[in-house]
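The values are calculated or read from the model by the stated rules, or taken from the named source; none is laboratory data. These figures come from a predicted structure and were not determined experimentally. Note that we place each Cβ from the backbone using ideal geometry, even for glycine, and neighbour counts take in every protein chain shown.
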């Protein structure tokens, strides 16, 4: 115990975790010690014989569990980005223990009595705005965790929460298992149609797997989607696509079918215990949207126009396929391939011609420069700081006055042991309860690494570059936080608002001002020719029918699944098939995420009945960025200052109030429909 780094003070620069000292065996005793410590802190709060005050109850709660927070953040981040069998076993063991611990606090009647007393007297307490909101959110959180239930119902609520934590962990590990186990090994004869950047990345993936002289396609999105876009081998595209959509469906220990069935049933029971008809109604009540009807109305506004646009796109793809001699229907493994053919013909634009201008390091520099021009931030590389993997790069972030803002880590490459997708997280949140604490923020991507032995830099697709900006937007939300209380820090906002700061930041990636400066050829250093740049901008909304259908279908099936009041005996596969038929989802497009690998929904509960949040936030981000366009300056300093207020506010104010202060009015859906080139239904 005395050698456990979690049980001692850290003297590392900026309080960075001492990654070089952290070993898997440190986590179990650290978790146990930290949970016991927090329970002692809670006992100190509830044992007070005097009436509660904000300071001795709410502020004391904010101070509790600091050690547990530190241990859990390091563990969760390492388990997501650099896991191994030892960490996976610890995750399975401690997920239910941690859930049980948190529910023990949430259902403590003495603690809730103090919170409820303060809540009843809140108008007379003389609280500041952030304190009032924190108190109200605490009260609501405890109620939604079951604090008002009877003894038996509380026990069942705790059991459900504990079991869900286990199932969420298992679901994510099952998906990672399938992604780790599958690879498509190619020989030279299998490379037809693949441009150099795909071949180089596939050669690097093969080398990492001990297959020098061959090429490997993996189930990382940055590997498989380019393969489906360019490979002229229809047989191999079918194999790759089949593996991509089958993640989580294989019989055996990694089958997610029974996991989904149990998760959905437990969520429905949880909602009923709390007095709601279904889980969707429960989840959405505490959101910007407020109700299932509001979410469904938004999704329906784009659903039929998206399908119509997709039908038009399919006709163009079929024409291109016939020109190449394919007289069969377009299949899901054909769409990206023929879409690229149509895009090349329609816009005289070839992805293989564009990609050499999107160098990873240049796009990182563009993101940093944008943050500097908008918000006054500077980023200084700190290769001396500790990291958990050689891929990780670190920057020290300062504001215009030279004051430290925080530490930013970038972990950009796909590798075995790293979950798929892209995400932003923190090793430490900003707060100023007792002293100013700067955040330590990490962005994870899964870009295909270039063939390092060949000396070529990693190249991104246009979508990859947008993803980098998206996650960096989340990172800025955490870095720019200026709050007093940890629970209100940075991204701790409503789920359907948290995507707004990230999605609006995406717009600056494709701003012509940035492209002219940072889209430079990796060999010559020359900027992208203006003709090519204009072709790229003209084509950026190409294939929006496909993109909108596959996303909206996934949001709708999420909503349908969690509206189900009687999910006992659910067959996820049959539910999916019935949904696709009922909503007439184009067969050749399908769902962006099939249920068996829909990690937003089942590897955690954050986006359950909430996947619509990306579209909800897109209404805000399209409308919000339109303000910059209307001003004639995408770096308009007045608008940037008001936008910074949103990034800085965390959960100290209502999100719609924040948006109105920025935009001067409520958001309008018109810019979103224009952005996606979807005409409103009539």
Can you find even one residue in region 415-433 that is closer than 30 Å to residue 667 by Cα, at pLDDT below 95 and in contact with a helix residue (DSSP H, G or I) (Cβ under 9 Å, 6 or more places away or on another chain)? yes
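Looking at 499, 506 in this structure, which one is crowded, with 20+ Cβ neighbours inside 10 Å, farther than 18 Å from residue 629 by Cβ, touching a helix residue (DSSP H, G or I) at 6+ places or on another chain (Cβ under 7 Å) and at pLDDT 95 or above? If you could, list the steps in order and put the result at the bottom.
Numbers: 506 fails: farther than 18 Å from residue 629 by Cβ.
The unique qualifying residue is 499.
Residues that are touching a strand residue (DSSP E or B) at 6+ places or on another chain (Cβ under 9 Å), touching a residue at least 60 places away in the same chain (Cβ under 8 Å) and closer than 30 Å to residue 443 by Cβ: list the helices (runs of 4 or more DSSP H) wholly contained in region 42-160 that include at least 1 such residues.
Numbers: elements: 60-63, 66-81, 85-106, 109-120, 129-144.
The qualifying helices (runs of 4 or more DSSP H) are 60-63, 66-81.
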Please pick out the residue among 267, 247 that is over 25 Å from residue 448 (Cα atoms) and crowded, with 20+ Cβ neighbours inside 10 Å. 267
Being surrounded by fewer than 18 Cβ atoms within 10 Å (Cβ to Cβ) and not in a helix (DSSP H, G or I) is the filter here, so list the residues in region 631-668 that pass it. 632, 633, 635, 636, 653, 654, 664, 665, 666, 668
Looking only at region 321-336, filter to residues that are out of contact with any helix residue (DSSP H, G or I) (no Cβ under 6 Å at 6 or more places or on another chain) and in a helix (DSSP H, G or I); which one of those is surrounded by the most Cβ atoms within 10 Å (Cβ to Cβ)? 335
Residue 34 fails exactly one of the following numbered conditions: (1) free of Cβ contacts under 8 Å to residues at least 60 places away in the same chain; (2) not in a helix (DSSP H, G or I). What is the number of that condition? (2)
Do we have any residue at all in region 392-411 that's in a strand (DSSP E or B), closer than 30 Å to residue 340 by Cβ and modelled with pLDDT of 95 or more? yes
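Looking at residue 185, is it over 27 Å from the mean Cα position of the chain (by Cα) and either within 30 Å of residue 206 (Cβ to Cβ) or assigned to a helix (DSSP H, G or I) (or both)?
Answer is yes for this residue.
Determine, yes or no, whether residue 435 is assigned to a loop (DSSP other than H, G, I, E, B), out of contact with any strand residue (DSSP E or B) (no Cβ under 9 Å at 6 or more places or on another chain) and either surrounded by fewer than 22 Cβ atoms within 10 Å (Cβ to Cβ) or in contact (Cβ under 8 Å) with a residue 60 or more places away in the chain (or both).
Details: assigned to a loop (DSSP other than H, G, I, E, B): yes; out of contact with any strand residue (DSSP E or B) (no Cβ under 9 Å at 6 or more places or on another chain): yes; either surrounded by fewer than 22 Cβ atoms within 10 Å (Cβ to Cβ) or in contact (Cβ under 8 Å) with a residue 60 or more places away in the chain (or both): yes.
So residue 435 fits the description; yes.
What about residue 624, is it outside any helix (DSSP H, G or I) and within 25 Å of the chain's Cα centre (by Cα)?
Details: outside any helix (DSSP H, G or I): no; within 25 Å of the chain's Cα centre (by Cα): yes.
Criteria not met by residue 624.
Here are some residues: 560, 499, 550. Which one is assigned to a helix (DSSP H, G or I), out of contact with any strand residue (DSSP E or B) (no Cβ under 6 Å at 6 or more places or on another chain), over 22 Å from residue 283 (Cα atoms) and in contact (Cβ under 8 Å) with a residue 12 or more places away in the chain? Even if it seems obvious, please write down each step before you answer.
Numbers: 560 fails: over 22 Å from residue 283 (Cα atoms); 499 fails: over 22 Å from residue 283 (Cα atoms).
When all the criteria are applied, what remains is 550.
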Quick check: anything in region 617-624 crowded, with 17+ Cβ neighbours inside 10 Å and on the phi > 0 side of the Ramachandran plot? no
Any idea which of (1) in contact (Cβ under 8 Å) with a residue 24 or more places away in the chain; (2) not in a loop (DSSP other than H, G, I, E, B) is the one residue 380 doesn't satisfy? (1)
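Residues to consider are 219, 194, 211; find the one that is within 22 Å of residue 467 (Cβ to Cβ), without any contact (Cβ under 8 Å) to a residue 40 or more places away in the chain and not in a helix (DSSP H, G or I). It would help to see each step written out before you state the result.
Details: 219 fails: without any contact (Cβ under 8 Å) to a residue 40 or more places away in the chain; 211 fails: within 22 Å of residue 467 (Cβ to Cβ).
One residue alone meets the criteria, 194.
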With the checklist (1) modelled with pLDDT of 95 or more; (2) in a loop (DSSP other than H, G, I, E, B); (3) under 18 Å from the mean Cα position of the chain (by Cα) in hand, flag the one item residue 616 doesn't pass. (2)
